[in-house]
Structures are given as C-alpha cells and as structure tokens.
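Report on one structure; see the data block that follows.
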Amino acid sequence: MKWNKLSDKVLSGGRVTREEALAVLQAPDDELLGVLHAAFKLRLRFWGHKVNIHILENAKSGLCRENCKFCSQAIGSYSGVDRYQMMSPEQMLAGARNAYELGAVKYCIVTATRGPSPRELETICTAVKKIKEEMPIHICTSLGLLSPEQATELASAGVDRFNHNLETSRDFYPEICNTHTYDDRVNTIKHAKAAGMEACCGGIMGMGETDEDRVQLAMELRELEVESIPVNFLDPRPGTPMEHCTRLTPVQCLKALCMFRFVNPTRDIRAAGGREVCLKHLQPLALYPANSIFSEGYLTTSGQGSPADLEMIEEAGFHIAECVPA
Ligand code: SF4
C-alpha cells in the first residue's frame, strides 16, 4: 500500500517531498486508516506509546498590542477574555506544582505580548529558578519576540524550551498579522536555539490557508529543525476577525497531524489547541500521529480536563511519559 511505502521511505532515512506531503492532506477519506497506520509506524519508532503531557499557564492575559487575527488576546479583539498583568513568581510556582502533580512533562508559561519587558523577563527568570529548585519538570516559555540577549537570559535561568509559532506559511502570514513579520518570528526561533534552548514552533490549521500553505509550514519547520511542533486547529473565537471561519472536520485534522509527522518524523508533535472541539469523537485517533497533547485546557478556552485526557490515553493503549530531569 502506498502509505506504508511512504513510512518505509522515511524509516530508511528518506525525506518526504512537497508532493508527497500534499498527497497526505489530499488522500481520499476512505484511505484515512491507511494514512494513520503509516504515520503511526513513525510515531512508534521515535516515541513508542508515550504521550507527553504539557500544561499551559496564561501568565499575562488579554493585553497584547499585536493584531494576530485569530487571537482573542489581540488588540482590537472584543472577545471578553480575562485581562491581567504578569503573575508573580509564587503564582507560577504554584501552577508548576499543580502541573507536576497532574503528570505533565512540560509547564508552559505564556504571556500575551509582542515581547517581554526587562521587568517581565526578570519575573519569569525568578519563577523558573524557583520551579527548577523544587521539581524536575521541564519549562517552556512563550513570551513573544526575543532578542539574542533575552534568549541567553532565559536559557541561563533554566528555561528548557522556547515557544514561538510561525502560525502558517510565509505566503499566507500577511493575511493574519501585520504588526510584525514572518521573519521576526523565524529570527526569534533562531535566537532561542542559538542560546541553547529547544524550539517549540507550530501553527494553526483552519484560518483560510490552502493545503500548500500547510505543507509549506511543515517544511519550514523542518528546515528550522525545531524540536517540538504544536499543531493547533482554529476554534474561531467570537469577537476576533476570524470568528466566522468554519472549523476543520475531524478527518482534515487527522490528515494534517499525519502530514506533520511524515515531514518531521522524529519531532515532538502535539495535537494542540482545538483538539476537543475539532476532532470530536475521533480525538483518540490523534494519538496515532501525535505523541503529545496539552491537558487542562488552553490559554483562553477550556479542554476536556485531565481525568478525561488520562482515560483517553489509557483506553487507546498509550501511556503518559514520565518527567525526568532535563
Ligand atoms: S502576539 Fe501572541 S498574544 Fe499577541 S496577538 Fe499575536 S498571538 Fe495573540
């Protein structure tokens, strides 16, 4: 079967071409199980049956002055999300304890901002040092655009990974934001990696982009050699310019996850935001291409909760990855 041939090619060291990646997204729905099976072979090889649990902390909410059209925390959004300034290090420490108790391998501190102020950076670094002193959980931060100096400061404080999503293809990016550029984003990822942090960088499916845009994003992430790829599915937020977008179907979501696995076979691929509302009853099948999920909800919306996530993982024959010191 052709999908097995594709996974065999990857397992023997080959790289998926643009045409092959496109064919995955455009596979007939009747072939979905074949595509999933082939993607699962790659997931098994590189991640076994482990599922990495990541828990998000929205450490500064609703006050961003950038204009990303999908985002309910952007300037000009009327979505009514909570607005608050940066949490204290103690609040973040409490959040990390909770994440650790729930079995998370990563505690992800996120702020809605173009980039961190010196004071915010200091608060984050203080929080990270406190967390690291107490528990072996890995820390990811997502603080907007970074300079090389800021990246070095975060890495020195013990941040393991930095998240900054490219969101979509270079060609489509001007349609979703014009307060910063695609290259601003690419450069932030490069600064994070140069400072010694891992890079977490993904995108959002379902903003009106084409299949070619999704493939272009997956290939750009391959070139950047990012370690972790969150694949989000747009859950259109009322009060944002994208509120009238239509959610992707569960089958489209699964094919997208498979395509990212084929193009970036060894990477930590996450069924990220929008998992529950877009994948619906097919949600457990996301674990076949993806090896990682966010649990306990997202930045401004809730998820199905940790008990249901753990039950889903176990019933589908997977198990949560243990948290070991970085
Ligand atoms: S930079 Fe981040 S927080 Fe700000 S509008 Fe864009 S996605 Fe939202």
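Please treat every number below as a calculation from the coordinates, not as lab data. Note that the coordinates shown come from a computational prediction; the quantities given were computed from them, not determined experimentally. Using ideal geometry, Cβ is built from the backbone for each residue, glycine included, and neighbour counts are taken over all protein chains shown.
Peptides 31-41, 5-15 ranked from most to least packed by the mean count of surrounding Cβ atoms within 10 Å: 31-41, 5-15.
Taking Cα pairs under 8 Å and at least six residues apart, what relative contact order does the stretch 249-290 come out at, in percent? For the stretch 249-290, the relative contact order is 55 percent.
If I take every Cα pair under 8 Å that is 6 or more residues apart in the chain, average their sequence separation and divide by the length, what percent do I get for the relative contact order? Across the chain, relative contact order equals 23 percent.
Applying 0.36 nm per residue to the separation of GLN304 and LYS190 and subtracting their alpha-carbon distance, the gain on full extension is 37.6 nm. Within the chain, antiparallel bridges make up roughly 5 percent of the DSSP beta bridges whose residues both belong there. Restricting the calculation to Cα atoms, every distinct pair contributes to the Kirkwood radius of the chain, found to be 19.7 Å. Axis of helix 118-134 versus longest Cα principal axis of the chain: the two differ by about 70°, to the nearest ten degrees.
Of the residues LEU154, PRO284, ILE75, the one whose Cα sits farthest towards the positive end of the charge dipole of the stretch 15-320 is LEU154 (charges of +1 on Lys and Arg Cβ, -1 on Asp and Glu Cβ, taken about the Cα centre).
What number comes out for the charge environment of PHE233, summing +1 per Lys or Arg and -1 per Asp or Glu over other residues with Cβ under 14 Å away? Every neighbour counted, the sum reads +3.
The stretch 219-235 and the stretch 26-54 have Cα centres separated by 16 Å. Between the stretch 286-326 and the stretch 122-185, what's the alpha-carbon centroid distance in Å? When both Cα centres are located, 22 Å separates them. Mind scanning LYS9/LYS280; LYS193/LYS280; LYS41/LYS132; LYS5/LYS280; LYS129/LYS193; LYS106/LYS190 and naming the pairs with a C-alpha gap bigger than 24 Å? Over 24 Å Cα-Cα: LYS9/LYS280; LYS193/LYS280; LYS41/LYS132; LYS5/LYS280.
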